[in-house]
1. Mind checking whether some residue in segment A:22-35 is buried (at least 17 other Cβ atoms within 10 Å of the Cβ) and over 23 Å from A:GLU105 (Cβ atoms)?
2. Among the numbered conditions (1) more than 14 Å from chain A (Cβ to nearest Cβ); (2) at pLDDT below 95; (3) in a helix (DSSP H, G or I), tell me where B:ALA32 comes up short.
3. Return the total of residues in segment A:1-59 being in contact with a Pro (Cβ under 9 Å, 6 or more places away or on another chain) and β-branched (Val, Ile, Thr).
4. Considering each of A:THR83, A:THR101 in turn, give the residue that is modelled with pLDDT under 95 and either surrounded by 13 or more Cβ atoms within 10 Å (Cβ to Cβ) or within 24 Å of B:MET80 (Cα to Cα) (or both).
5. If you take the residues in segment B:77-91 that are crowded, with 19+ Cβ neighbours inside 10 Å and more than 9 Å from chain A (Cβ to nearest Cβ), which one is nearest to B:LYS65 (Cα to Cα)?
6. So if I check each of A:ALA43, A:ALA68, which one is within 12 Å of another protein chain (Cβ to nearest Cβ) and surrounded by 14 or more Cβ atoms within 10 Å (Cβ to Cβ)?
7. Name the single residue that is farthest from A:ILE62 (Cα to Cα) among those in segment B:59-74 being assigned to a helix (DSSP H, G or I) and more than 9 Å from every other protein chain (Cβ to nearest Cβ).
Amino acid sequence: MLKSYKYTIIYFIGFSFLLLISATLLFEEKIGFSVKEVLDYYAGNESRFMMQKSALGLLKIILPHIFAFGLFTMVILHFLIFTQYKNTQKIIFLIYLVFITAILEMLSPFFTINGFEFFAYIKLASFFLFEALIVYISFLLFWSIIKD
Amino acid sequence: MKFTLIKDLNQDPMMKPILSGLLIFTFFYLIADIIIKHYNFGVLPSSISITLFGSEEEFIDPITKSSFLEIWHTDIFFIMMVLLSLSATFIRLTRNNKKNLLILNITLISSMLSLIALSLAFFVSSSFILLYSISLFTWHLLALYMAISSFWNLYNA
């Protein structure tokens, strides 16, 4: 791999970390990290003067994220092709896991507003799992570049 | 990215117009980004300060934490995607020499610095506004150079 491509990937990893930090801060500011806060945000809470989110409202929120999640995940995962982990069972599993986690993160609020409170746990778990997976992929990429 | 695998991009009848389009759109994106930032957020320290912290004299409220984080989050995503595609094109179309490697590094470092400085300006100290403004102009100007230089090499190399 060209030296300049390696630099670009390292900077991309740096941007990815900034993206994760901003997403965490935004989640904490808008929703909160407890199951109760997730339920209140999506299903509403009269005592906190919070309205229940509508399906259309949720769709408006996730619309840019559908494209962004897909593009971001594809870009960071495709860098793994240039590493020694290419075509291993672990990476194939990782690819499926990242995309499934991203889908769960986006779709779980729709179940929450329809009375399935359990999906508040799924929302939180998938959010943190997605972030952890991106950190892990970044580590694999960084390690490959350093070792190369 | 398929174009990294094609040997002679300048001679490829398909990749040449595709990359031209990408570079033209990137060029206009960078110009439009500065214009929109100038009117909505501010690009000079004085106007950025008013947006972030408000102004009692002009009866302008400071930006909310939630709005700031939304702007910051969106900015990070767009900058990383624009600069990733531009860097890959620039690396492929220009000579792999020290000067170009330096330009690439300064562009990417200043863009990251602008994002970090913006968050520090909001959460830590307003003194980071100047750093944000300088790094914002630096990466925009260098990215414009990268787009023009890649375009030039696509037709003249």
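1. No, that holds for no residue.
2. Single failed check for B:ALA32: (2).
3. Here the count works out to 1.
4. The match here is A:THR83.
5. B:LEU86
6. On the way: A:ALA43 fails: within 12 Å of another protein chain (Cβ to nearest Cβ).
After applying the criteria, what remains is A:ALA68.
7. Among them, the one singled out is B:PHE68.
Residues checked against (1) without any contact (Cβ under 8 Å) to a residue 24 or more places away in the chain; (2) out of contact with any helix residue (DSSP H, G or I) (no Cβ under 7 Å at 6 or more places or on another chain); (3) basic (Lys, Arg):
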position	(1), (2), (3)
A:ILE13	no, no, no
A:ARG48	yes, no, yes
A:LYS53	no, no, yes
A:PHE69	no, no, no
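The values are calculated or read from the model by the stated rules, or taken from the named source; none is laboratory data. Just so we're clear, the structure is a prediction, and the values are computed from it rather than from any experiment. Positions of Cβ are generated from backbone atoms using ideal geometry, with glycine treated the same way; all protein chains shown enter the neighbour counts.
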